[in-house]
Amino acid sequence: MDSAHKAMILVLKSIRNQADAVLKKIEGAGAAEQRSLAWKCVACGYTKHFTRPVLAEVAAPCRKCARQIFDCV
């Protein structure tokens with residue numbers, strides 16, 4: 001193999017390693033976001049139900065007291 005070919009292989013491996021590292025960070029960040037079928041308002045206790053798991057930001061604001069703080073049920 002000539003040196004240009006080896007250099008190209010090293011560059012592509014470097015790009016692959018960087019992409020793998022970024023994907024691992026993205027997957028790790030996604031795990032921190034909690035999804036639930038039901039969210040309960042911390043202030044008044046009202047529970048919002050959903051047909052598929054959603055983030056707490058989707059549940060806010062509360063229909064009863066208009067607060068933005070929800071806890072997973």
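Quick notes on this structure:
- Residue check for A21: surrounded by fewer than 13 Cβ atoms within 10 Å (Cβ to Cβ), of a type in the set (A, V, I, L, M, F, W, C) and over 20 Å from the mean Cα position of the chain (by Cα): no
- For segment 48-61, a residue qualifies if it is surrounded by 13 or more Cβ atoms within 10 Å (Cβ to Cβ) and at pLDDT 90 or above, and the qualifying residues are K48, F50.
The values are calculated or read from the model by the stated rules, or taken from the named source; none is laboratory data. Everything numeric in this text was worked out from a predicted model, so none of it was measured. Heads up, the Cβs are rebuilt from the backbone with ideal geometry, glycines too, and the neighbour counts pull from every protein chain shown.
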